[in-house]
Amino acid sequence: MLLVCRFTVPEASAEAFTGRADRALSLLTAQPGCRRAQLSRSTDEADRYVLTAEFDSVVAYRRAMSPFEVREHVVPLLSEAIADEPAAYEPLLVAADGAVRRETSLLARDAGTVRLGEAAGPATPR
C-alpha cells in the first residue's frame with residue numbers, strides 16, 4: 001500500500017514542517033510493515049511537499065498508525081495534508097530490474113457499489 005500526502009507549506013514554516021516530518025518518518029518507518037517513507041519538495045514550487053510511505057499491506061498501514069506516539073506525532077501532521085485528493089493507493093504494476101510484475105487487487109469487483117457493513121471482504125479480486 002502506498003500513502004501519498006501533499007502539503008502546501010509557506011517558506012517561513014518550512015523548517016518547522018520538515019522537523020515535524022522528520023519525526024513522523026522516523027516513527028512510521030520504525031513500525032513493522034512500513035517498508036520506506038520519504039518527504040520530497042517540488043522543484044517547481046518551493047512551498048509544495050509530498051510525503052510518501054510504502055507499507056506491506058493495508059493491515060500493516062493501519063497497525064503502523066495505531067501506537068500512541070504515532071497518533072501523537074504522525075496523525076496530526078498527516079491531517080494537514082491537502083485533502084481534495086485520495087491518499088491511499090494499492091500497487092497494480094511493480095517493476096524492478098527491467099521486469100514488471102502485475103499485482104492482484106485487494107478490492108472486490110463490487111467495491112464501488114457495496115455499502116459499509118454489507119460485505120466482509122473481497123469474494124473475487126478485481
Relative contact order (percent, whole number), region 1-96, Cα cutoff 8 Å, 6+ residue spacing:
42
Taking the Cα centre of the chain as origin, sum charge times position over the Cβ atoms of Lys and Arg (+1) and Asp and Glu (-1), and report the length of that vector in debye to the nearest 20.
500
Multiplying the sequence separation of Glu72 and Ser105 by 0.36 nm and subtracting their Cα-Cα distance, what value in nm do you get?
8.7 nm
If one takes the longest principal axis of the Cα atoms in the chain, at what angle in degrees, from 0 to 90 and to the nearest 10, does the Cα axis of helix 68-78 lie?
80
Output the 0 to 90 degree angle, nearest 10, between the alpha-carbon long axis of helix 14-29 and the longest principal axis computed from the alpha carbons of the chain.
40
Provide the gained length on full extension for the span Glu80 to Ala16, in nm with one decimal, where the gain is 0.36 nm per separating residue minus the Cα-Cα distance.
21.7 nm
Counting other Cβ atoms within 10 Å, keep those with at most 11, restrict to DSSP loop, and tell me which GluC sites (Glu not before Pro) in region 1-83 are left.
Glu45
Only one of the values (1) 16.3; (2) 14.4; (3) 16.8 was calculated from this structure for Kirkwood radius over Cα pairs in Å; name its label.
(1)
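Readers should treat all values here as calculations from the given coordinates under stated rules, not as data from a laboratory. As the structure is a computational prediction, the values presented were derived from the model and not from experiment. Neighbour counts are summed over all protein chains in view; Cβ atoms, including those assigned to glycine, are modelled from backbone coordinates with ideal geometry.
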